[in-house]
Structure formats: structure tokens, C-alpha cells
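Read through the structure below, which is laid out as C-alpha cells, and then see the notes.
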């Protein structure tokens, strides 16, 4: 029997070819800034609490919500900086999930918080998410550009979402606040269950 | 004869090459995507379809919205806001691996109870309505929570099933708005009876009375 040596070699070469594993979109060749901008948009970990924070800010009124446009992005920037200094803080992922539940519950109850607490909440969410996003940086990533990208997308997202939520609340009708509160209860429910996963061993 | 033999051999060689090519293609390694969409999308899809593909869950979720609409303000928004929060507590029990007995039976019973309440147009005090819905929400959440740790992306799974649950409530609320018209009110009560029948079917199935 004639063995096709050439074909066999080609097959082995194809099977042996390495394939890239994409954990996060950090090496998309878009540059550190754009990688930082894209990273928070690739999962719900960032999107959910940011959305909840923006809705909560809208419930506080436009005057108070404006302050969050400053504290939240600064928190993201500072969070990235803290990761540079202390990269191994193990409590941050659990705190991140707890914040989804806390901010979601605050939205579900449409609570009006004192301004310092609103600002502190915004800053803490920013710090935690700046820190967690910075964890995705590799050795080849330009850290400053990446953290700047995360901060920029955080600023744009929170600004636009607060503006949309305020406009939605000011529209005619009485159901808008209920719809936003319902979305808060959904986010809180997701956060509570995800928090459970942080503490309990998988029941497999 | 010789030509026929050559043709048969050539066809055999082509088949062997085709099979080898298919096997090689199947064996080729594919990229693994942890966070760039695939795992999140799979988790989101499986979470979203979980309440929709289970008819016992589906009818109970719609029933919560229907009953809320039938009860009017403030139940129309209190029940759908309360339900996901209490459901999350049930989900915690599932995530923790706590063994809650009779889950399937009580999920089916929720369809019967809510269906009957809608069909009879029952109007208990708000706290009683919230208590009834809350107790059932724990069992529905528990059923979802059991599958959460096995999901490709648990957070996306949670987003999927909470959003699906909320949208089913919304369907119930929209259907329930027909109570403004006499015919619509009868139709809503008939929906309640139908939900009760579906619940009864699943209850009997959970007891093993229906194969």
C-alpha cells in the first residue's frame, strides 16, 4: 500500500499549528487606548453597575447627577493607578459583584441619597472597575493609554446614560419611573445571584 | 473489465481523500474565546431561553403580570418588581446547592394557584398577593439557580434569565390591560383558567401521574 507521505506531513503540520486564545480584547492591535475603551464593553461586569449607577444618578435629579460625571471617571482613573501599585487585592471581584446588587437595590427603591453618599458610591464603583479593567493589561500594553481608554469610555457611557435616563424620567406619563425601578430590581437580582456564586462552591 | 476496475479504484481513492479531509478539518484546533463574546453570548442565550422553553415557568411568569394588571395599581408594578428580587433569593439557595424538596411540584402549583386566582378574579390585600407571588418566586429562582454555576458565563446567564422573566411579566401586564373592556376581562379570566390547566398538567407530571 502506498503511503501519501506528503499529505500526511501536511496534515500533521496543520494539526500542530498553534491557535490564538482570546481572553479579553486586549490584543486587538487597535492600540492601548482603544483596547482600554473596548474592554469594559465586552461583558456585563461593567455594563450592569454602570447602567444602574446612571439610573440612580437620574433619580437624584440633574443637579446632583452632574457631579457624578466628575467622580466616576476620576474613580476609574484612580482604580487603574491603584492596580499599578497593588495588583493583588483579592476582595475587589467580590466587591464589584456586591456593587451590582447594592446599586441595583438602590435603583429598585428609587432612593434619594445625600449628595456625599451618591458621590462616594460613584467613586467606589469607578475605583473598583478601574482596578478590574486594569487587570486585563498585558506586558506589551501601554498602561497609561489603556487606563485612559477605560476612563474615556466610562465618562462617555455614564454621561450619555444619565442624560437618557433623565430625559426618560421627564417624559410625559407615570410609568417611566416604574420601568426604571423594575430595571433596577432586575440588576439587583442578577447581582444577588452572582454574589452567591462568589461565596458558595458551585453545586455541581 | 480493466477500465471498470480502474474507475472503481479511482472512486475509492477520492472517497478516502474526502473522508481524510473531513477528519482533518474536524480535528483542527479552534480559538478559545473566554470573554470576547462567545461565552457571554452562550450564557446569555441559555439563560434567556431557560424560562421561555419551560412551559411551567413561562405560564407562571405571564400569570404574575396578568394578575398584577388585574389587581391594578400598585400591584401592577409591585409584583413584577418584587418577583425578581425574591427569585434571586431562591437562586441563592440553588447556587449554594441547598436541597429544596418538591421544587417541580411547587413550580407547577404556582401555575395552578395563579391561574385560579386570575380566573376567579381574586382581589386579596396587596401584602397577601405579594406573599403568594414571593413564595412561588423562591422556587422558580431555585430552579434557575441550580443551573447557574454550570453556565458558560454565570453573569450572562443571570442577565438572560432575569431579562426573559421580566419580559414575560411584561407580556402578562400587556395582556392584562385588556380588562378595560368586558370581552377583554373575560379573555383574561379565560387565560387564567388556561394557565391553571397547564399548571395542573405539570403538577400531575411531576407526581408521575402522567408519563
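The values are calculated or read from the model by the stated rules, or taken from the named source; none is laboratory data. In this text, all values refer to a predicted model and were calculated from it rather than measured experimentally. With ideal geometry, Cβ positions are generated from the backbone for all residues, glycine too; neighbour counts draw on all protein chains shown.
If residue B:207 satisfies every condition in (1) at pLDDT below 90; (2) crowded, with 18+ Cβ neighbours inside 10 Å but one, which is the exception? The number of the failed condition is (2).
Of all residues in segment A:145-204, those being more than 14 Å from every other protein chain (Cβ to nearest Cβ), outside any helix (DSSP H, G or I) and touching a helix residue (DSSP H, G or I) at 6+ places or on another chain (Cβ under 6 Å) number 0. Residues in segment B:167-182 that are surrounded by 22 or more Cβ atoms within 10 Å (Cβ to Cβ) and either at the interface with another protein chain (Cβ under 7 Å from one of its Cβ atoms) or farther than 28 Å from residue A:43 by Cβ (or both) were compared, and the one that is modelled with the highest pLDDT is B:172. Could you list, in sequence order, all residues of segment A:154-169 that are surrounded by 15 or more Cβ atoms within 10 Å (Cβ to Cβ) and closer than 15 Å to residue A:77 by Cβ? Selection gives A:154, A:155, A:157, A:158. Of all residues in segment B:108-162, those satisfying the criterion of being part of a loop (DSSP other than H, G, I, E, B) and under 21 Å from the mean Cα position of the chain (by Cα) are B:146, B:147, B:151, B:152, B:153. Across segment B:96-119, the qualifying residues are those that are without any contact (Cβ under 8 Å) to a residue 12 or more places away in the chain and away from every other protein chain (no Cβ under 14 Å), and the one among them that is surrounded by the most Cβ atoms within 10 Å (Cβ to Cβ) is B:102.
A single entry from B:133, B:159 fulfils the requirement of being in contact with a helix residue (DSSP H, G or I) (Cβ under 6 Å, 6 or more places away or on another chain) and farther than 16 Å from residue A:192 by Cα: B:133. Look at segment B:8-19: where a residue is under 18 Å from residue A:10 (Cα atoms), no partner that is exposed (fewer than 10 other Cβ atoms within 10 Å of the Cβ) and modelled with pLDDT of 70 or more sits 6+ places away or on another chain with Cβ atoms under 6 Å. Taking the criterion of being closer than 23 Å to residue A:34 by Cβ and more than 12 Å from the chain's Cα centre (by Cα), the only residue of segment A:113-135 that qualifies is A:135. Looking at B:113, B:108, B:96, B:122, just one residue is modelled with pLDDT of 90 or more and farther than 21 Å from residue B:204 by Cβ, and that residue is B:122. Residue count for segment B:121-143 under the criterion of being closer than 16 Å to residue B:65 by Cβ, surrounded by 15 or more Cβ atoms within 10 Å (Cβ to Cβ) and touching a residue at least 24 places away in the same chain (Cβ under 8 Å): the result is 7.
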